[in-house]
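Read through the structure below, which is laid out as structure tokens, and then see the notes.
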Amino acid sequence: MRYSTLLTSLENGIFTVTINRPDKLNALNKEVFTDLNNAVDEIQNNPAIKSAIITGTGTKAFVAGADISEFSSLTKAEAMTLSKRGQDIFFKIENSAKPVVAAVNGFALGGGCELAMACHFRIAGDNAKFGQPEVNLGLLPGYGGTQRLTQLIGKGRAIELLISGNMIDAATALQYGLVNYVVPAAELLNKAVTVLSLINTKAPIAIAACIKAVNAVYDETSDGYITEINGFGECFDTEDMKEGTTAFLEKRRTNFTGK
Ligand code: COA
């Protein structure tokens, strides 16, 4: 599929989605949201895709936030609709059955930090900067940022970042647990590919069950322990579970098929 604001490529099962508005530091406008929504569908529907990377074009910004130029004319009701749409698309990323990793190549501010947090985990280049500067605009994050930042770094640190508008660098983000790795900027995509290449050798149904069970921790409408029991049982019905246990006993490598 072709997108007006995204560049995409598929190599060895890894789908790389690059947000491509370099003149606006990859800010999230309506078109980017529509494209991202469709790209997440493509990730789920294309059997050749095993996992995905979301990154930004250039060396300066991952995403410098929601497109502020779209904010000025919004009514209260329109703002709430925009917030709901952003949240829905980011939920869709978070609930993707296939792993989606953010490769943060510069500023991840506002909606950019929220997008990175909606991914399953984050890898940062050493030039990355994270923040929720909405308070400088007289706003708060609208795409799940208040919730996911608190989940990822804890209440005290989250509230300080939200109400100060301060940015943190990649080393601090690592210390806070916001990112899993910090690597030299030039090696960022290679690192993401290396991490996902290993994950891509694992059983897809088990991966999906892990993601679902972890997400259930944060979902008040589902019981995570029950989700785990159900996933555990469902995996016993898969060919991949038989392959995994047989390969172990036969002391050979696994060859998972996703069935
Ligand atoms: N929305 C719309 N446009 C944005 C943007 C955003 N969130 N972030 C950057 N841009 C645009 C700038 O307006 C500028 O466009 P122009 O060249 O047409 O004037 C271009 O991207 C380059 O940004 P600029 O501000 O000139 O770069 P800088 O290096 O001086 O500063 C930042 C970089 C990231 C610190 C600064 O762009 C910034 O603070 N952006 C907004 C961050 C924010 O508040 N995000 C939360 C939004 S809810």
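The values are calculated or read from the model by the stated rules, or taken from the named source; none is laboratory data. Just so we're clear, the structure is a prediction, and the values are computed from it rather than from any experiment. Heads up: the accessible areas ignore ligands, DNA and RNA and are worked out on the full protein's heavy atoms, side chains in. Shrake-Rupley method; radii C 1.70, N 1.55, O 1.52, S 1.80 Å.
Here is how the numbers come out for the structure above:
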{"quantity": "Under the Karplus curve 6.51 cos²θ - 1.76 cosθ + 1.60, θ = phi - 60°, whole-Hz ³J(HN,Hα) for segment 93-103, x wherever Gly or Pro sits", "calculated": "5, 4, 9, 4, 6, 9, x, 10, 10, 8, 9"}
{"quantity": "Probe 1.4 Å, accessible area per residue of segment 6-199, Å²", "calculated": "44 Å²"}
{"quantity": "Rg and Dmax of segment 109-157, Cα atoms only, in Å", "calculated": "10.7, 30"}
{"quantity": "Size of segment 177-238 as Cα extents on the principal axes (Å, biggest first)", "calculated": "42, 28, 11"}
{"quantity": "Volume per residue of the C-alpha convex hull in segment 204-250, rounded to whole Å³", "calculated": "64 Å³"}
{"quantity": "Among beta bridges that DSSP assigns inside the chain, antiparallel share in %, nearest 5", "calculated": "30 percent"}
{"quantity": "Whole-Hz couplings from phi, Karplus 6.51/-1.76/1.60, listed for segment 215-227; x for Gly and Pro", "calculated": "4, 5, 4, 9, 10, 5, 8, 10, 8, x, 5, 5, 4"}
{"quantity": "Within a Gaussian network of the chain (alpha carbon springs, distance under 10 Å), most fluctuating of Ser51, Ser222, Ser96", "calculated": "Ser222"}
{"quantity": "Other-chain or far-sequence residues with amide H under 5 Å of Asn127's (modelled H)", "calculated": "Ala185"}
{"quantity": "The chain pair-distance distribution - Cα-Cα, 10 Å bins, rounded %", "calculated": "7, 30, 35, 20, 7, 1, 0"}
{"quantity": "Amide H contacts under 5 Å for Asp67, placed H, 5+ residues apart", "calculated": "Leu28, Asn29"}
{"quantity": "Per-selection metrics, segment 1-137 (Cα): Rg and Dmax in Å", "calculated": "14.2, 45"}
{"quantity": "Reachable lysines from Lys155, criterion Cα separation under 28 angstrom, eight or more residues apart if same chain", "calculated": "Lys76, Lys84, Lys92, Lys129, Lys212"}
{"quantity": "For segment 44-56, Karplus couplings with θ = phi - 60° (6.51, -1.76, 1.60), whole Hz, Gly/Pro x", "calculated": "6, 8, 8, x, 6, 8, 9, 7, 9, 10, 10, 9, x"}
{"quantity": "Carbon/sulfur fraction of accessible area - the chain, other protein chains in place, 1.4 Å, %", "calculated": "57 percent"}
